[in-house]
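What follows is a set of notes on a single structure, which appears directly below.
The values are calculated or read from the model by the stated rules, or taken from the named source; none is laboratory data. Computed from a predicted model, the values in this text were never measured in an experiment. Virtual Cβ from ideal backbone geometry, glycine too; neighbours counted across all protein chains shown.
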């Protein structure tokens, strides 16, 4: 007889995922029975379940242990972990998802889109991101990635009668599938090397010596390339501008923040747990990718006339700044500073970028245009939106005392602490790019504050309550993180990654 022991399930640790799963089923069922005139209920329910899933995250942070294995038992312990890093990232994904619900409410209702199905897709994608934060195994990472990506492919093409939206969805899908195939091949090589899919086992097996060094290098590079597509790092960024422009604007905001953050979470977990001894492989690769990403993103953004495409290339360049601490991780023992820099940057960037897209949605409701020139004279008829957009753009540029300055400060500090040619070199490139980025952010500010209204129509903009709430959340967070950086520094200081292997 075979001895079999049932796994021990920690339902408290799995509560956020269970709440989101219940939300998906509830929204799907409610959408079947409510009349068309009351489909807005699905959006309300989605926001409710996002916040409900946040409650166990808070209780786990306050009452739980520093590290919990959601599934325990022979062979499965440590494959799905709830630690401080996972809790912070889950909170980020859930709050970002809630803000996206606020951005989507009027857009979905007034645009005649399928609302119930949209929110089911949104909840499913957020569930994949929440799963990604706890995954410490190649299989669970891949499942989480597909769980968050497949709904995103469909949401990108949600404007089914719009050719640009169809193009956005197809490009995102085809390149996403290609990236997944490359990454899965790399994962298979890593499994062959370690004989296990657990990241901690892979970290012990990959030492870059012996007769398997070639296979190890190929496996590492292929896995990183797969996630480079997800974070739209150059040269794997070509899908982002077209997808961002063609997708509904709330979906664009979601992809630029939450989806990008999920990709970076996976990269962080892999580098710190599975590849700590392979820095001779990933460091030059990530270094070049970070330099190219911030430079290409900024230079191309300078030429954009469409606000969404400009923010798309801005998102690409911001990804380069987030890659910078990862590129110098495990250099002169600065891995702790690098981890904190990435986490802080992701949180501040999420608040700032979601706020910028909220203003774009509010303004486009009146102008029906995505051109930067349509923001001309915005201060004359929408001074509040002008001030908010100025705050968000200045934060993206890293201008004190807004949150973006502290995010960039942490990234620069991690690079400088690394020292040597790697650290100082990427810091100089980032400094030059920070100046370049300021130019196109100031261009939009100049349009809003100094240029005339294009058509002379100064009718005030009516901002729906849901958009006002989103702007308030993002604005307060952007200001608070900049004026009181100790708030976000405290969060960054607790993001210890359980299982991280120190060479």
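Selection of segment 395-408 for residues being free of Cβ contacts under 8 Å to residues at least 60 places away in the same chain and within 20 Å of the chain's Cα centre (by Cα) yields 397, 398. Of the residues making up segment 109-127, those that are under 28 Å from residue 348 (Cβ atoms) and surrounded by fewer than 24 Cβ atoms within 10 Å (Cβ to Cβ) are 121, 124. Residue 209 satisfies every condition listed in (1) in contact with a helix residue (DSSP H, G or I) (Cβ under 7 Å, 6 or more places away or on another chain); (2) within 24 Å of residue 270 (Cα to Cα) except (1).
Matching residues to (1) farther than 26 Å from residue 245 by Cα; (2) assigned to a helix (DSSP H, G or I); (3) over 24 Å from the mean Cα position of the chain (by Cα):
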{"residue": "373", "(1), (2), (3)": "no, yes, yes"}
{"residue": "380", "(1), (2), (3)": "yes, yes, yes"}
{"residue": "388", "(1), (2), (3)": "no, yes, no"}
{"residue": "421", "(1), (2), (3)": "yes, yes, yes"}
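As for segment 235-244, it holds no residue that is surrounded by 23 or more Cβ atoms within 10 Å (Cβ to Cβ) and at pLDDT 90 or above. Which one is modelled with the highest pLDDT, of the residues in segment 331-345 that are surrounded by fewer than 24 Cβ atoms within 10 Å (Cβ to Cβ) and touching a helix residue (DSSP H, G or I) at 6+ places or on another chain (Cβ under 6 Å)? It comes out as 340. Please verify whether segment 482-490 includes one or more residues that are within 30 Å of residue 106 (Cβ to Cβ), in a helix (DSSP H, G or I), at pLDDT below 90 and out of contact with any strand residue (DSSP E or B) (no Cβ under 6 Å at 6 or more places or on another chain). Yes, the conditions are met somewhere in segment 482-490.
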